[in-house]
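Peer 1: Let me begin by handing over the structure; questions about it come next.
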Amino acid sequence: MRFLTGIKPSGYPHLGNYFGAIEPAIQLQAEGEAFYFIADYHAQTTVQDPRLLEEYVTEVALTWLACGLDPERAVFYRQSSVPEVQELTWYLSTVTPMGLLERCHSYKDAVAKGAPATHALFAYPVLMAADILLYSANAVPVGQDQKQHLEVTRDIAQKFNERYGEVLTVPEARIREDVARVPGLDGQKMSKSYDNTLQLFGNAKQFKKRVMSIKTDSTPIEEPKPTANSALIDLYKLVASEAELAAYVGQFTVGGTGYGDLKKQLLAKLNDSLALMRERYEHFADHPEEVRGILEQGTARARQEAAALMAKVRDAVGTTPWS
Ligand code: ADP
Ligand code: TRP
């Protein structure tokens, strides 16, 4: 079983990205072969400042490694380091009906949020299909928001195979149904588009300030506090044992503990559980040559795979160069 997934370097990774996407992918390393990458071509649909793009790429690379990507188990690379993906995108485009892309919600949603309405944004799902098909992945762990893109990928692969023969592996989506929807500071889904995130590896003071600013109601200290839809409880749940969670929730139901105090407890618990990852982050941030070495090794592996698949694809479509 080969798993493949990418993370777009379009901002600073936050707790939602970790619990919703990174941690589940890290777990899968034990179950099969993993291909994990930094989707920098995709990020260009929204990040068009080259310095900022590089900063986010570094950030996502450090994040994958700090969160436990094991270079011995996972092939780790940067999307743009394997340019064959662009060539495959073209071949796939030739079998992709316009209507298939016109039906994608992500294009309309991104434009509504202010992303430039470019061809790249429109063709985003074809590049994503190429990411997956280039490495003959069997299963693609993604969040619910990417479900439609996986359907598009499967459609494109089937159309290609119908026209040219069985060259591409039709992948399955591994939708993470059971992962929590991590709430942000305002109680909405944590997302960089809502400016309500807790960064995984930001500055400690800032992190504290953000946790202390989580929105709560105005129940007085001595009174019991509502436990439904509490961002504090939902965040605490992500990092606590059952007993710890019960003790935490107990303080809400009996009253007598103020929100300030409850936030401090949450802060301490989050800091505790992120400590090891933050240490690893610092280590890799201080050793960029190590990070580069890991990416070079992964890229070499990825390019081998890509070259083998592209030889088959060129043969199938009739573009094998004359020697
Ligand atoms: P953002 O909403 O901050 O732009 P992305 O869309 O880049 O985040 O998220 C990348 C992946 O991280 C998503 O596919 C999703 O699986 C996961 N993710 C993001 N935010 C959350 C959240 N609040 N809760 C759970 N998973 C999340
Ligand atoms: N589109 C995905 C996202 O926004 C990132 C991504 C790019 C991806 N290529 C991929 C995910 C291939 C899985 C497989 O989160």
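The values are calculated or read from the model by the stated rules, or taken from the named source; none is laboratory data. Not measured: the values here are computed from a predicted model. Cβ atoms come from the backbone with ideal geometry, glycine included; neighbour counts cover every protein chain shown. Side chains included, ligands, DNA and RNA excluded: accessible areas come from the protein's heavy atoms. Shrake-Rupley method; radii C 1.70, N 1.55, O 1.52, S 1.80 Å.
Peer 1: What residue, among those in segment 140-163 that are of a type in the set (A, V, I, L, M, F, W, C) and more than 16 Å from ligand 1 (Cβ to nearest atom), is nearest to Tyr91 (Cα to Cα)?
Peer 2: The residue in question is Phe160.
Peer 1: Across segment 7-21, what is the number of residues that are closer than 27 Å to Gln86 by Cα and either without any contact (Cβ under 8 Å) to a residue 12 or more places away in the chain or touching a helix residue (DSSP H, G or I) at 6+ places or on another chain (Cβ under 7 Å) (or both)?
Peer 2: Going through segment 7-21 one residue at a time, the tally reaches 7.
Peer 1: A follow-up question, please. For segment 118-139, which positions are more than 16 Å from ligand 1 (Cβ to nearest atom) and either of a type in the set (Val, Ile, Thr) or at pLDDT below 95 (or both)?
Peer 2: Scanning segment 118-139 gives Thr118, Val126.
Peer 1: Turning to a different aspect of this structure: Of these, Lys215, Lys208, Lys192, which one is open to solvent by 70 Å² or more (accessible area, probe 1.4 Å), within 30 Å of Tyr56 (Cα to Cα), within 21 Å of the chain's Cα centre (by Cα) and in contact (Cβ under 8 Å) with a residue 12 or more places away in the chain?
Peer 2: After ruling out the rest, the residue left standing is Lys192.
Peer 1: Name every residue in segment 1-17 that is open to solvent by less than 40 Å² (accessible area, probe 1.4 Å) and charged (D, E, K, R), in order of residue number.
Peer 2: Correct list: Arg2 only.
Peer 1: Then there's this: So is Thr219 within 30 Å of Met310 (Cα to Cα) and assigned to a loop (DSSP other than H, G, I, E, B) or not?
Peer 2: no
Peer 1: Still on this model: Taking segment 140-173 only, how many residues are within 14 Å of ligand 2 (Cβ to nearest atom), of a type in the set (Asp, Glu) and either modelled with pLDDT under 95 or more than 23 Å from the chain's Cα centre (by Cα) (or both)?
Peer 2: Number of matching residues: 1.
Peer 1: Among the listed residues Ala21, Ala39, identify the single one that is in contact with a strand residue (DSSP E or B) (Cβ under 8 Å, 6 or more places away or on another chain), modelled with pLDDT under 95 and surrounded by 19 or more Cβ atoms within 10 Å (Cβ to Cβ).
Peer 2: Matching residue, one of Ala21, Ala39: Ala21.
Peer 1: Here is a list: Leu200, Leu232, Leu150. Which entry is closer than 23 Å to Leu65 by Cα and open to solvent by less than 10 Å² (accessible area, probe 1.4 Å)?
Peer 2: Leu200
Peer 1: Further question: Looking only at segment 99-117, filter to residues that are in a loop (DSSP other than H, G, I, E, B) and within 19 Å of Asp40 (Cβ to Cβ); which one of those is farthest from ligand 1 (Cβ to nearest atom)?
Peer 2: Pro116
Peer 1: Output the residue which, of all residues in segment 97-111 that are of a type in the set (A, V, I, L, M) and at pLDDT 95 or above, is farthest from ligand 2 (Cβ to nearest atom).
Peer 2: Checked segment 97-111; the qualifying residue farthest from ligand 2 (Cβ to nearest atom) is Met98.
Peer 1: Among the residues of segment 6-26, what is the count of those that are within 9 Å of ligand 2 (Cβ to nearest atom) and over 8 Å from the mean Cα position of the chain (by Cα)?
Peer 2: Adding up the residues that qualify gives 1.
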